[in-house]
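In what follows, a single structure is set out as structure tokens and then discussed.
Each reported figure results from applying straightforward, stated rules to the coordinates on display, with no laboratory input. As the structure is a computational prediction, the values presented were derived from the model and not from experiment. Cβ atoms come from the backbone with ideal geometry, glycine included; neighbour counts cover every protein chain shown.
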């Protein structure tokens, strides 16, 4: 298991030369801020979702009773709210020997350090919330822990004609018959036909933007002679850095053509030793967020060294991550860990959505109560121990994204 922060000698007063805090600045999280939040009376969240909204009131003779109608395409859903939390412990020896960065012997006030680390915990908690929105919008479902050894799945029941995987020949990266402009127009029309919504958001990462920006049909439409003064490339045409996504959004009549490259780290400590040049099935404390095809980073915490291998498969239930080639160094259980970096917006997904249909948001975040004080939303606290002296800091949150208008979004698997 990971060491406590009080056990890290490199942070003690007598050895610390410089310490850079990376996570006190709020991450640039997009998805969880697109929709509003409200409180649920319990952790069992129930909601109704809709499909369609194009009905029209019928004619009737004067004096006749009004005919009955009902919302179309209603589906009932329920799921337990997801709950997540973590904490850090500091003993009094550690807090009394903190050293201020940039000095040789100046003491760093423990309250300042606790505040900075609390900001780190808050940001980590927000990334988990952002992850849930990303799974809802780009995958249509996700799994989460509800009890020790038990997981729940929330499925948002997105129809297959709104969650489309392109055939190999039509894929945007190297399909011989790809039609990127046509695929986007088809998705916009599908949303408009099914629920009357106007697509005002398209979300992708830079990998998918590269496919769009280099498409010959889109480049032809964006030439100055045919598209006023708007130019797709503000710099080097061979580099994605110079691409102006707003120009593409203007061409496609999508108000928010968003390139979203925020990432998150998945980390898990080893639960069994890894033998150099031998072990390919890696046992970890939690394999849930690793994915096949990604890059697994092995970190030796005592030597401060690392190496990377490609993930070939993941067994969530078995708690193993299998790599295609065994690492060249041995690693210790309970001390060393593996990690990977993932994008909130996947490398193979292009999302379009009408964020509102008939004036109503298509999704919402439902906050659920937790703790003895029935807290709602992200909650931080601390607990001071008397003997032995020390302090815990903690962050908690509980809730679930819900999707009300299932046909207000269109997911394209493009590669």
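Of note:
- Mean separation of Cα contacts under 8 Å (6+ apart) over length of segment 264-343, as relative contact order %: 45
- Each residue in 350, 35 was given a count of other beta-carbon atoms within 10 angstrom of its own, and listing them fewest first yields 35, 350.
- A simple spin-label model places the labels of residue 115 and residue 210 4.2 nm from each other, with each point 7 Å out along Cα-to-Cβ.
- Sites residue 381 and residue 305 - FRET efficiency at Förster radius 30 Å, r taken between beta-carbons, to 0.05: 0.25
- Among 264, 379, 150, 410, the ranking by other beta carbons within 10 Å of each residue's beta carbon, starting with the fewest, stands as 150, 379, 264, 410.
- Once the Cβ-Cβ distance of residue 221 and residue 36 is raised to the sixth power relative to R0 = 45 Å, the FRET efficiency obtained is 0.80.
- Three-way shape label, segment 264-343, alpha-carbon gyration tensor, a/c 1.5: rounded
- Residue exposure proxy: 340, 120, 112, 409, ordered by other Cβ atoms within 10 angstrom of their Cβ from fewest to most, comes out as 112, 120, 340, 409.
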